[in-house]
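Below is one structure, written out as structure tokens; the observations come after it.
The values are calculated or read from the model by the stated rules, or taken from the named source; none is laboratory data. This is a predicted model, so every value here is computed, not measured. FYI the Cβ positions are ideal-geometry reconstructions off the backbone, even for glycines, and counts take in every protein chain you see.
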Amino acid sequence: MNHSNRSEEPLSILQYRPQAQARVPVTEVFQAKYPAIDAHNHFVSGLDVERVVEHMDACNIRTFVDLSGGNGDQLKRRLDMLKGRHPARFAVFFVPDFKRIGERCFSESVVCELEQAAGLGVQGVKVYKELGLSVRDKDGTLVHVNDPRLWPIWQTAGELGLPVLMHIADPWAYFAPLDERNERYIQLYRDPARHFYGADYPSLQQLLEERDEVIERHPATQFIGAHIGSQAEDLAAAAAVLNRYPNYTVDFSARVAELGRKPRQAREFCIKYQDRILFGTDGLDDPVMYRSYFRFLETADECMEYYMYPNHGFFTISGIDLPDEVLRKVYAANACRIIPHLR
């Protein structure tokens, strides 16, 4: 056997980026077929408002929902920067500071902040995955997702007509041992802070059960499960939660990799729950990212590299070719029904 072309040193697994050899049709989709609302994104430091709007126009994104509005003075500045300049193109969500949970009168204080934020024009509440995984109480223990001190916040959001978008838990591989079987090995090796296995971390199942209790206890509040509610790996489980709670919807931001490797099941799921799914990306400001989502949703192309490949696993995906009536709902109509004051 001739090994003359073999390199002196083997590649590191971090360098490995296989390219599929399958020859299949490629459909380029430069714009969403219908004006879209990106219901899960983040306007982070360094982005330029006018540049973002230009990219939105190029990709047929009608509205950018900024989940990173924060609270206090930061929130006021964000509202002024985005909605003050382009009121119809952005929505901004309030972010409670759960790290203050050990303070006296915490619940009353955050409720007051939320009411003031609603008066300023926020259109929802964002809960980061820190709840359940990193926010700690005064005694150093992790704060549970279903902590009763948070219940007044969820109740007030419902009374104000503001949806609560919750990122609870994470991809299932983050809760598994970091060994040769972990499909996110490269990502977790590079960024071990994303690995929630061992130590005093709760199990994935515990986090999801605590989330479900919150949804059940507050039926008048609309909850949105970010990333298919962290159940993109098991759409039957995601469907069971949707069936159980009419005040619950999901977005599929940052989960195209999980959905696209089982396109028939994903298509059936999207069609069955076409009134309960929001378009979202969690991808900041990148036309290439948007167009990869459009191709996934609007075509039946096969053997595609998803956006951010191969961090989420060494596999390709296929498009789910959603019907027009479903695309209209997923792209915008559902968000308009759930998030107030969208135009």
Quiz item: Looking at the range 237-245, is at least one residue buried (at least 23 other Cβ atoms within 10 Å of the Cβ), basic (K, R) and part of a helix (DSSP H, G or I)?
Solution: no
Exercise. Would you be able to say whether some residue in the range 216-225 is in a strand (DSSP E or B), surrounded by 22 or more Cβ atoms within 10 Å (Cβ to Cβ), at pLDDT 95 or above and β-branched (V, I, T)?
Key: yes
Practice problem: Kindly check whether there is at least one residue in the range 292-314 that is out of contact with any strand residue (DSSP E or B) (no Cβ under 9 Å at 6 or more places or on another chain), of a type in the set (A, V, I, L, M) and surrounded by 23 or more Cβ atoms within 10 Å (Cβ to Cβ). | Solution: yes
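What do you reckon, is D282 of a type outside the set (S, T, Y) and farther than 27 Å from I13 by Cα? Full working, then the answer.
Numbers: of a type outside the set (S, T, Y): yes; farther than 27 Å from I13 by Cα: no.
In short, no.
Examine the range 98-119 for a residue that is under 20 Å from the mean Cα position of the chain (by Cα), at pLDDT 95 or above and surrounded by 19 or more Cβ atoms within 10 Å (Cβ to Cβ), and state whether such a residue exists.
Step one: list which residues in the range 98-119 are under 20 Å from the mean Cα position of the chain (by Cα), which gives 98.
Now drop any that are not at pLDDT 95 or above, which leaves 98.
Restricting the remaining residues to those that are surrounded by 19 or more Cβ atoms within 10 Å (Cβ to Cβ) gives 98.
Yes, some residue in the range 98-119 is under 20 Å from the mean Cα position of the chain (by Cα), at pLDDT 95 or above and surrounded by 19 or more Cβ atoms within 10 Å (Cβ to Cβ).
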Exercise. Filter the range 133-182 for residues that are in contact (Cβ under 8 Å) with a residue 12 or more places away in the chain, farther than 23 Å from A238 by Cβ and in a loop (DSSP other than H, G, I, E, B) and give the result.
Key: V135, D137, K138, T141, V143, D147, G161, L162, P177, L178
Quiz prompt | Cβ-Cβ under 8 Å pairs, at least 6 apart or on other chains, the range 232-255 side of a type in the set (F, W, Y), far side part of a strand (DSSP E or B) | solution = Y245/F223; Y248/F223; Y248/I224; Y248/G225; F252/I277; F252/L278
Self-check item: Matching entry among I339, I320 (being in contact with a Lys or Arg (Cβ under 9 Å, 6 or more places away or on another chain), surrounded by 19 or more Cβ atoms within 10 Å (Cβ to Cβ) and β-branched (V, I, T))
Solution: I320
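Might you let me know whether the range 51-61 holds any residue that is touching a Gly at 6+ places or on another chain (Cβ under 6 Å) and closer than 24 Å to L120 by Cα? Talk me through it step by step, then tell me what you get.
Restricting attention to the range 51-61, the residues satisfying the condition of being touching a Gly at 6+ places or on another chain (Cβ under 6 Å) are none.
There is no residue in the range 51-61 that is touching a Gly at 6+ places or on another chain (Cβ under 6 Å) and closer than 24 Å to L120 by Cα.
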Quiz item: Among R85, R17, which is the only one that is more than 23 Å from the chain's Cα centre (by Cα), surrounded by 11 or more Cβ atoms within 10 Å (Cβ to Cβ) and modelled with pLDDT under 95?
Solution: R17
Quiz item: Among D38, D57, which is closer than 24 Å to L278 by Cβ, in a helix (DSSP H, G or I) and modelled with pLDDT of 95 or more?
Solution: D57
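Yes/no per residue for (1) in contact with a Leu (Cβ under 6 Å, 6 or more places away or on another chain); (2) of a type in the set (F, W, Y); (3) assigned to a loop (DSSP other than H, G, I, E, B); (4) modelled with pLDDT under 95:
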site	(1), (2), (3), (4)
H227	no, no, no, no
E233	no, no, yes, no
L259	no, no, no, no
T281	no, no, yes, no
Y290	no, yes, no, no
L297	yes, no, no, no
P310	no, no, yes, yes
D321	no, no, yes, no
V326	no, no, no, no
